[in-house]
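Please treat every number below as a calculation from the coordinates, not as lab data. Since this is a predicted model, take the numbers as computed values, not measurements. All Cβ positions, glycine included, derive from the backbone under ideal geometry; neighbour counts span all protein chains shown.
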Amino acid sequence: MSSDDRLVEIRLESTQVFDGCLLKVFKDTVGRVGASGEWVREYIHHPGAAVILAIADSGNLLMERQFRYPLGRVVWELPAGKLDPGESIEACARRELREETGYDAAEWAHLGTMHPAVGYSDERIEIFLARQLTHVGDALDADESLEVFEICLADAEDAVFDGRITDGKTIAGLFWLARVLRAKESGGVAA
């Protein structure tokens with residue numbers, strides 16, 4: 001038995017305790033192989049999402065200012081959105097970039113995956129790089145109101161450290177973008 005095998009929890013019982021429009025909340029009873037006892041795990045099921053690092057012709061990054069109700073304030077973040085039923089993750093990224101910023105991209109690269117809240121959610125966010133942008137006009141959802149702006153990576157990083165950017169998916173995306181740009185500068189393989 002590997003050391004990871006001793007850590008794996010096995011679902012013994014599962015009960016859905018909330019069924020919302022976006023989120024589903026479960027209360028599961030779990031156990032571990034070779035261990036006595038049972039434990040309760042509560043978690044949120046999320047359909048998944050995509051976040052997009054969209055690079056404008058200027059070399060700057062497209063970002064958004066959007067009011068986020070749970071925080072009660074406007075937040076700076078990268079374009080992103082949830083996966084619709086039956087939709088591929090790349091189709092989700094393309095759709096969200098178009099809806100929120102009004103841009104299509106000719107070049108796409110999948111960079112990685114992040115899990116923003118592993119202690120209580122199964123949400124995964126796939127990180128995409130989009131280049132060679134063409135403005136085609138936005139198509140915001142009826143309940144969305146946001147402003148798109150451009151920012152260079154250095155200023156975005158400064159905004160993380162001075163508290164203007166606190167959104168986890170945006171911080172993770174900026175981390176990935178810094179890696180891609182370093183690889184490009186050093187002649188390495190860039191996405």
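Given their separation in residues at 0.36 nm each and the Cα-Cα distance between them, Ala178 and Phe26 gain 51.0 nm when the chain is fully extended.
With 0.36 nm allotted per residue and the present C-alpha distance subtracted, the Glu150-Ser186 stretch has 10.5 nm of extension available.
Spin-label pair Arg65-Glu99: with each label point 7 Å from Cα along the Cα-Cβ axis, the two points sit 2.3 nm from one another. Reducing the range 113-138 and the range 41-67 to their Cα centroids gives an inter-centroid distance of 4 Å. Of the chymotrypsin sites (Phe, Trp or Tyr not before Pro) found in the range 64-142, the ones in coil according to DSSP and having at most 16 other Cβ atoms within 10 Å of their Cβ are Tyr120.
DSSP assigns beta bridges within the chain; of those with both partners inside it, close to 85 percent run antiparallel.
The Val40 and Ser3 beta-carbon pair, evaluated with R₀ = 30 Å, returns a calculated FRET efficiency of approximately 0.80.
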